[in-house]
Amino acid sequence: MIARGKQQSTVRIEPWGKDDLPLLKKLLGDPAMTEHLGGPESDEQLIKRQARYERLTESGKGRMFKIVHETTGEAVGSVGYWDSTHNGEEIYEMGWSVLPTFQGQGIAGAAVIQALVIAQYDSKYRFLHAFPSVDNPPSNALCRKVGFTLVEECEFEYPKGNFMRCNDWRCDLSINN
């Protein structure tokens with residue numbers, strides 16, 4: 001069941017675009033922002049990721065969005081989902097990130113709910129999973145709040161070569177869930 005939040009009007013999500021590399025550098029090039037993700041990515045890695053994000057929707061393998069604050073029009077984070085395989089099952093995997101200044105305001109939750117609705121209408125997979133680190137209480141709380149179901153604690157590889165303990169949260173995207 002996808003929870004519907006009152007804070008959806010505080011932000012909107014927009015498709016990731018060619019001018020969003022500076023935002024990506026703030027989100028994934030910063031040690032504090034990537035504490036639970038294995039550390040910051042290099043400029044070269046970020047440029048490659050930017051290109052993947054730009055092509056994701058047209059590839060049919062998911063969608064990536066920037067989170068835009070309604071009042072200021074400022075890009076404050078990212079949310080997206082992409083094709084993945086978990087325990088032999090084809091799924092969507094989801095991730096999100098919000099700049100420190102905007103954390104704790106319900107922005108990530110509102111953006112996740114908007115992205116879940118889009119994933120639901122894409123109707124490619126029944127289930128979407130998120131894998132926040134067990135050491136990341138805010139992301140785990142967000143999963144609970146927006147209606148994900150905790151499946152199990154598991155070992156998850158992100159980035160490649162880096163294994164961490166995560167919670168496997170699942171959202172049923174079927175329209176009649």
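Some points to look at:
- Qualifying residue in region 137-160 (condition: small (Gly, Ala, Ser), out of contact with any strand residue (DSSP E or B) (no Cβ under 7 Å at 6 or more places or on another chain) and modelled with pLDDT of 90 or more): yes
- Top-ranked residue of region 31-60 - restricted to ones that are of a type in the set (Lys, Arg) and within 17 Å of the chain's Cα centre (by Cα), ranked as modelled with the lowest pLDDT: Arg49
- Checking region 135-149 against the condition returns no match, with no residue being crowded, with 18+ Cβ neighbours inside 10 Å, of a type in the set (Gly, Ala, Ser), part of a strand (DSSP E or B) and under 13 Å from the mean Cα position of the chain (by Cα).
- Qualifying residue in region 47-54 (condition: of a type in the set (S, T, N, Q), touching a strand residue (DSSP E or B) at 6+ places or on another chain (Cβ under 9 Å) and in a helix (DSSP H, G or I)): no
- Some residue of region 11-30 being within 19 Å of Phe131 (Cα to Cα), touching a residue at least 60 places away in the same chain (Cβ under 8 Å), within 16 Å of the chain's Cα centre (by Cα) and part of a helix (DSSP H, G or I): yes
- Verdict on Leu173 being within 15 Å of the chain's Cα centre (by Cα) and crowded, with 19+ Cβ neighbours inside 10 Å: no
- Residue match in region 61-76 (condition: under 16 Å from the mean Cα position of the chain (by Cα), crowded, with 23+ Cβ neighbours inside 10 Å, farther than 16 Å from Arg170 by Cβ and touching a residue at least 60 places away in the same chain (Cβ under 8 Å)): yes
- Residue in region 92-103 that is among the hydroxyl-bearing types (Ser, Thr, Tyr), assigned to a strand (DSSP E or B), within 16 Å of the chain's Cα centre (by Cα) and surrounded by 15 or more Cβ atoms within 10 Å (Cβ to Cβ) present: yes
- The one condition in (1) outside any loop (DSSP other than H, G, I, E, B); (2) in contact with a Gly (Cβ under 9 Å, 6 or more places away or on another chain); (3) of a type outside the set (Val, Ile, Thr) that Pro40 fails to fulfil: (1)
- Flag for Ala110 being in a helix (DSSP H, G or I), among the aliphatic types (A, V, I, L, M) and surrounded by fewer than 16 Cβ atoms within 10 Å (Cβ to Cβ): no
The values are calculated or read from the model by the stated rules, or taken from the named source; none is laboratory data. This one's a predicted model, so the numbers in the text were calculated from it and none came from an experiment. Cβ: placed from backbone, ideal geometry, glycine included. Neighbour counts: every protein chain shown.
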